[in-house]
Amino acid sequence: MKNDLIFSIPETSHNETSLKSIINDHPEIRFISLVGIDLAGNDTDERIPIKAFLNDLDTFLNGVAAQTDGSSVTLPGIASLNNAKIDMMCDLNCNWYVDYNYEHIDPFCNKPVGTLRIPCFLYHNGNPVDSRHILKRSIDYFKSTILSLISKNPNSLSSYGISFEDIDDISVTSATELEFWVKTPNDEAELEELSTSQVLHEQYWTRTKGSVRTALEQSLMLMDSYGLEPEMGHKEVGGVKAKIDDLGNLTHIMEQMEIDWRFSTPIQAADNELLVRNIVRETFRQNGLDVTFLAKPIDGVAGSGEHIHVGICLKLKNGKLINLFTSNKDHFLSSIGYGSLMGILKNYEIINPFISSTNDSLKRLKPGFEAPICIVTSLGVTIEVPSRNRTILIALIRDLMNPMATRFELRSPNPHTNTYIAISVLYMSMIDGIKYALDNNKSEDDLLDELSKSPGEPSIYLEKERSYRTEEDVFEFFSEEERTKYFGKAPATVYENLKAFELYPDKLEVLKMGNVFNDSIINSFKISVIERWVTEIKNRIINSYMDEIRSYKMLHSLDKALDLDVTNWMNVNELRHYLMKDSYSNKCLFTKIKESIIIKNYSATSDLQLELEDKMSLLRSFYTNYKKNLLDV
């Protein structure tokens, strides 16, 4: 049946004649859905009958396709109640995908009902306000600025043996990869069991079985049908061995997976990542499995990342491609490559709020879980041996046999990172570093020396007291004090992360170049992140912790208990009261947090949240020790 379906409509077919022909040949396409991406990374989804689409096709292709209001998208500070109308305009310059409902078979053609998902831009008062448009503006600005810089600095092309007149275009590429946790509904694994399995690497790249294997294979096959060119699917480090019931079915599944696919243009790469998430979620659900894309679904166990890869090439008039990161000299990178990397590292404080904007994203960025917490890179001990350092923030990916493969991999994003905006801020920061390199006529040697400088060593572009490169294991070679001193203090809460907008105004101006970002967009993003942060603390985290605290009950009998058992329980119970039990004279920690949120004292909320996490960790440890000393539980 799938051989008779159409999965994508390329941009060359986004015209009235082609669309009518395709839809006529595929009557299973019964709806369209306009996909706008708000500042939080949420995508809109609705069902417009295909007949309405065809009857008004010219408007859909050349004007305002539909309208929504500010309550349906995340645009606080922009779309207000008295001015909430949002216009939706189709993006004709990307792939449109058909989303099939395999549980709803059309009775007339006996095929699954399809919805043509059309990416669109969101406008408020005639101004673009969506994530896709931010990415489009950033790439347009990046490409035009690079061409201008090369034109003014023709020596930057000398090592490639070409002139500016040989250039046809700038090719910008991006890619993502997706990690996620999968489990059977309602089944939970013990944290200690998960942690032990992770340390022993018992699940990493092991054989998939049963419904997990089926769902993984189906996902990869479906991705191939959409033309996404999947490259690999495998188990990640997290998980435990499943159990088998009396019927031979696997139960208590708790595994971490990863799926990779081919790179594309930045906007298409972000669209593809959105599609892959939907494919994975639905395919695993059809196999009776739950999927979560949370960055840190389980405390104390590896979280899920979504590394972002970025690259740039010259497209010459003769059709040849030249990777602008690859050096033709005896160097790790070209001048443009070094400048790009230095731009990201220098400006990462104002990149990070767009990368890690949720509670669980910052929980993932902790020492010991192969998650980056330091603003530092690794190039390789020698040029002949590419780096394999997994403890750094941004990696240089090189293949000595393939110069076109040179790119950067940012390792801090997670599946809930807004990929559109994340790619945007990366390329805007790269422009800042490239400008420095080319306008100051910096050689590869100059830039490598500056990038490799020691803490306290002055430099023109990078900050004096900082270090930006290491080939050592960041967590093993440096103490916590040294990491903070050399690479900067990592934000511990969402609020601390957002404070970078106030602490680094000069760096924030980098994102505003070319009017890619403006104060209105940045403020709207900040408001939405704060609102989500405090709402999750108040209505989800505290409520979840209340249930957990209530589950910690006294288990010993008074006639058999040892003094140690009584003392252990007293430690547990005292902490339980401190966390969630008010008295006439004292307010518990939960109440203090809620009150700080009400009065919008977010600095206090941030500090109290850190205390809460420390106290909950201590409580779990106390209760585990208490239980382990009891014989009859």
For this session: Looking for whichever is outside any loop (DSSP other than H, G, I, E, B) and either touching a residue at least 40 places away in the same chain (Cβ under 8 Å) or basic (Lys, Arg) (or both) here; the options are MET570, MET513. Which one fits?
Result: MET513
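Only residues that are crowded, with 18+ Cβ neighbours inside 10 Å, in contact with a helix residue (DSSP H, G or I) (Cβ under 7 Å, 6 or more places away or on another chain) and not polar (S, T, N, Q): list them for region 314-331, please. Quick ask: steps written out before the conclusion?
Applying the first criterion (crowded, with 18+ Cβ neighbours inside 10 Å) to region 314-331 yields 314, 322-327, 331.
Remaining after also requiring in contact with a helix residue (DSSP H, G or I) (Cβ under 7 Å, 6 or more places away or on another chain): 322-327, 331.
Within region 314-331, ILE322, LEU324, PHE325, HIS331 qualify.
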Exercise. Hey, any hits in region 590-602 for a residue that's within 28 Å of HIS556 (Cα to Cα) and in contact with a His (Cβ under 8 Å, 6 or more places away or on another chain)?
Worked result: no
For this session: Could you grab me the full set of residues in region 466-480 that are assigned to a helix (DSSP H, G or I) and under 23 Å from VAL381 (Cα atoms)?
Result: VAL474, PHE475, GLU476, PHE477
For this session: Would you please list the contacts, defined by Cβ atoms under 6 Å and residues six or more apart or on different chains, that run from a residue in region 161-176 that is more than 21 Å from LYS136 (Cβ to Cβ) and in the same structural domain as ILE394 (by TED's automatic domain parsing) to a residue that is modelled with pLDDT of 95 or more and assigned to a strand (DSSP E or B)?
Result: ASP166/LEU316; ILE167/LEU314
Problem set entry | Conditions (1) surrounded by 14 or more Cβ atoms within 10 Å (Cβ to Cβ); (2) closer than 20 Å to ASP299 by Cβ; (3) of a type outside the set (Gly, Ala, Ser): number failed by ASP565 | (2)
Seminar exercise, completed: Among helices (runs of 4 or more DSSP H) completely within region 280-390, the ones holding 1 or more residues that are closer than 16 Å to PRO415 by Cα are 348-355, 359-364
Exercise. Failed condition for THR358, given (1) out of contact with any Gly (no Cβ under 8 Å at 6 or more places or on another chain); (2) farther than 29 Å from PHE293 by Cβ; (3) surrounded by fewer than 24 Cβ atoms within 10 Å (Cβ to Cβ); (4) of a type outside the set (D, E, K, R), with all others met?
Worked result: (2)
Problem set entry | Scope region 2-31; condition assigned to a loop (DSSP other than H, G, I, E, B) and either under 32 Å from the mean Cα position of the chain (by Cα) or assigned by TED's automatic domain parsing to the domain that holds ILE267 (or both); matching residues | LEU5, ILE6, PHE7, PRO10, HIS14
Problem set entry | Subset of region 436-452 (residues that are crowded, with 20+ Cβ neighbours inside 10 Å and either among the aromatic types (Phe, Trp, Tyr) or under 30 Å from the mean Cα position of the chain (by Cα) (or both)) | TYR436, ALA437, LEU447, GLU450, LEU451
Exercise. So which of SER225, SER219 is modelled with pLDDT of 95 or more and farther than 20 Å from THR292 by Cβ?
Worked result: SER225
Exercise. Does HIS133 qualify as being within 25 Å of ASP45 (Cβ to Cβ), within 23 Å of the chain's Cα centre (by Cα) and free of Cβ contacts under 8 Å to residues at least 24 places away in the same chain?
Worked result: yes
Exercise. Among the residues of region 381-410 satisfying the criterion of being charged (D, E, K, R) and loosely packed, with under 13 Cβ neighbours inside 10 Å, which is farthest from HIS309 (Cα to Cα)?
Worked result: GLU384
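Restricting attention to region 467-477, does a residue exist that is within 28 Å of LEU448 (Cβ to Cβ), of a type in the set (A, V, I, L, M, F, W, C), assigned by TED's automatic domain parsing to the domain that holds THR358 and free of Cβ contacts under 8 Å to residues at least 24 places away in the same chain? Don't jump to the end; show me each part of the working.
At the first step, the residues of region 467-477 found to be within 28 Å of LEU448 (Cβ to Cβ) are 467-477.
Retained after the next criterion (residues that are of a type in the set (A, V, I, L, M, F, W, C)): 474-475, 477.
Next, from what is left, pick out any that are assigned by TED's automatic domain parsing to the domain that holds THR358: 474-475, 477.
Subset that is free of Cβ contacts under 8 Å to residues at least 24 places away in the same chain: 477.
Yes, the conditions are met somewhere in region 467-477.
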Exercise. Scanning region 580-633 for residues that are part of a loop (DSSP other than H, G, I, E, B) and hydrophobic (A, V, I, L, M, F, W, C), which turns out surrounded by the fewest Cβ atoms within 10 Å (Cβ to Cβ)?
Worked result: LEU631
Exercise. Given the conditions (1) surrounded by 13 or more Cβ atoms within 10 Å (Cβ to Cβ); (2) touching a residue at least 12 places away in the same chain (Cβ under 8 Å); (3) over 23 Å from the mean Cα position of the chain (by Cα), and given that ILE541 satisfies all but one, which numbered condition is not satisfied?
Worked result: (3)
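Yes/no matrix, rows are residues, columns are (1) assigned by TED's automatic domain parsing to the domain that holds ILE392; (2) in a helix (DSSP H, G or I); (3) surrounded by fewer than 20 Cβ atoms within 10 Å (Cβ to Cβ):
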residue	(1), (2), (3)
ILE421	yes, yes, no
MET428	yes, yes, no
ILE431	yes, yes, no
ILE434	yes, yes, no
SER454	yes, no, yes
PRO458	yes, no, yes
LYS464	yes, no, yes
GLU482	yes, yes, yes
PRO491	yes, no, no
For this session: Considering each residue of region 189-216, count those that are over 24 Å from the mean Cα position of the chain (by Cα), modelled with pLDDT of 60 or more and either on the phi < 0 side of the Ramachandran plot or not assigned by TED's automatic domain parsing to the domain that holds ILE298 (or both), and give that number.
Result: 7
Exercise. How many residues are in contact (Cβ under 8 Å) with a residue 12 or more places away in the chain and charged (D, E, K, R) when one looks only at region 621-631?
Worked result: 1
Seminar exercise, completed: Residue pairs within 7 Å by beta carbon, gap of at least six or interchain, first lying in region 478-492 and farther than 17 Å from SER452 by Cβ and of a type in the set (A, V, I, L, M), second modelled with pLDDT under 90 and crowded, with 18+ Cβ neighbours inside 10 Å, listed first then second, are ALA490/LEU365; ALA490/ILE373; ALA492/LEU362
Exercise. Is one or more of the residues making up region 529-536 in contact (Cβ under 8 Å) with a residue 12 or more places away in the chain and outside any helix (DSSP H, G or I)?
Worked result: no
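The values are calculated or read from the model by the stated rules, or taken from the named source; none is laboratory data. This one's a predicted model, so the numbers in the text were calculated from it and none came from an experiment. Quick reminder, even Gly has a Cβ in these numbers, built from the backbone with ideal geometry, and neighbours come from all protein chains shown.
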